[in-house]
1. Could you please give the count of residues in the stretch 230-260 that are within 14 Å of the ligand (Cβ to nearest atom) and open to solvent by 20 Å² or more (accessible area, probe 1.4 Å)?
2. Is it true that some residue in the stretch 214-221 is within 16 Å of the ligand (Cβ to nearest atom), open to solvent by less than 60 Å² (accessible area, probe 1.4 Å), out of contact with any Lys or Arg (no Cβ under 8 Å at 6 or more places or on another chain) and over 25 Å from K274 (Cβ atoms)?
3. For A211, which of the numbered conditions (1) among the small types (G, A, S); (2) surrounded by fewer than 17 Cβ atoms within 10 Å (Cβ to Cβ); (3) touching a helix residue (DSSP H, G or I) at 6+ places or on another chain (Cβ under 7 Å) fails to hold?
4. For the stretch 319-358, which residues satisfy the criterion of being within 13 Å of the ligand (Cβ to nearest atom) and open to solvent by 40 Å² or more (accessible area, probe 1.4 Å)?
5. Go through the residues of the stretch 3-11 one by one and say whether even a single one is touching a His at 6+ places or on another chain (Cβ under 9 Å) and among the polar types (S, T, N, Q).
6. Going through the stretch 261-310 one residue at a time, which ones are more than 10 Å from the ligand (Cβ to nearest atom), touching a Pro at 6+ places or on another chain (Cβ under 9 Å) and closer than 15 Å to L323 by Cα?
7. Need the failing condition index for V102 against (1) of a type outside the set (K, R); (2) in contact with a Ser or Thr (Cβ under 8 Å, 6 or more places away or on another chain); (3) touching a residue at least 40 places away in the same chain (Cβ under 8 Å), just the number.
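The values are calculated or read from the model by the stated rules, or taken from the named source; none is laboratory data. Here the structure is a predicted model, which means the values were calculated and not measured. Quick reminder, even Gly has a Cβ in these numbers, built from the backbone with ideal geometry, and neighbours come from all protein chains shown. The area values use the complete protein model at the heavy-atom level, side chains included, leaving out ligands, DNA and RNA. Shrake-Rupley method; radii C 1.70, N 1.55, O 1.52, S 1.80 Å.
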Amino acid sequence: MSKQVSKCPHAKKCGGCQLQNMIYERQLSFKQVKVIKLLGKYRHVDEIIGMEHPYHYRNKVQAAFGERGKEIISGIYQSSTHKIVPVDSCLIEDPKADEIIVTIRKLLNSFKLRAFNDVAMKGFLRHVLIKRGFSSGEIMVVLVTGVMDFPKQEQFVNALLTRHPEITTLVQNVNNKRTSLLLGEESRVLFGSGYIEEDLCGFRFRISPKAFYQVNPTQTEVLYNKALDFAELSGKETVLDAYCGTGTIGIIASPKAKQVVGVELNGDAVKDAKVNAELNNVQNIEFYKDDAGRFMVKAAQTGAQYDVVIMDPPRAGASLDFLKSLITLAPKKVVYISCNPETQARDVAFLVKNGYRVKKIQPVDMFPHTEHVECIVSLVRK
Ligand code: SAH
């Protein structure tokens, strides 16, 4: 394991890698202690699973574009400000994606295209988003522009693809609102299919610009394999994959289950999930686009039966509606994956008060050098 302490010249202004001055082993024990403090009263916390090479793990990279004088700059927003700190390479991002962003910046200059100014709401390029399939090798570049009109589009696209033939698809997304959201409503494909595919745990997944996909594919395999171990499926169970994103966990679980149901709020992710089921020829799965809480309330009212619920909510954790209905549905097992152990501890406390016992706690380091902690808790009905 790496003992190197990373030296990032942007660390202070960026603020993204809060733990970067700690050697990696200390980062891991820091996270272990955090989970023990929050969840250790229920059960022994298994040792956090770290990365062998905890650098350049991010498969999704985004850069903001702006201007300093006449010069176009690209990089990250200085923490808690709207000021862009120029960054050409980052210790946790995919280096190929960083390279492509630098090329785009140089091309803007040579094509005399401007960066978008989101105060004056004028100009052209606002952000670049890149997603890379580490195992498939596919690369999607999304040019987020403030306007639809793309001057010298054909020449620009050709110049970019000539310099980076490894790009498999190029998308323009238009974001003309005053918003902190990266992507706007409208998109058009400039080259290729408009999505990438990626291999994970022996399955193939489609990833489109807007759908959530785990950012650290190496550790995602570790995380999913642990979660499925904890689910202890025998082939007879009906499994609910709640907050399912593009359906990854449910699809990977499907050969070991009788039936799988996935629920997810983001319509683009649900579309991808349905395609992913087809892509992998999975017959025993269905997906619903709904708020997970509302879905659970309806399921509880109609007397649906789930043997195992795997849940992976966003940082805010599950809603009270979701948890109350989970108690009513009374699955034998709940496998709770979380990227925020604080809300997870709050939700686990509720489940423990209402008839569940914690069986396993397993932190996984999905975000080396940052303070973020991922943790799986498995619970069984008493
Ligand atoms: N399990 C997936 C996604 C986890 S991220 C994976 O491993 O890839 C959390 C997901 O919850 C996101 O896809 C997000 O769109 C979805 N989500 C957020 N709020 C939701 C809600 N209220 N109901 C259902 N899904 C929600």
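1. Total meeting the criteria: 1.
2. Yes: one or more hits.
3. Result: A211 fails condition (2) only.
4. Residues satisfying the conditions are S319, L320, D321.
5. Yes, the conditions are met somewhere in the stretch 3-11.
6. If the condition is that a residue be more than 10 Å from the ligand (Cβ to nearest atom), touching a Pro at 6+ places or on another chain (Cβ under 9 Å) and closer than 15 Å to L323 by Cα, then Y306, V308, V309 are the ones that fit.
7. Against the list (1) of a type outside the set (K, R); (2) in contact with a Ser or Thr (Cβ under 8 Å, 6 or more places away or on another chain); (3) touching a residue at least 40 places away in the same chain (Cβ under 8 Å), V102 comes up short only on (3).
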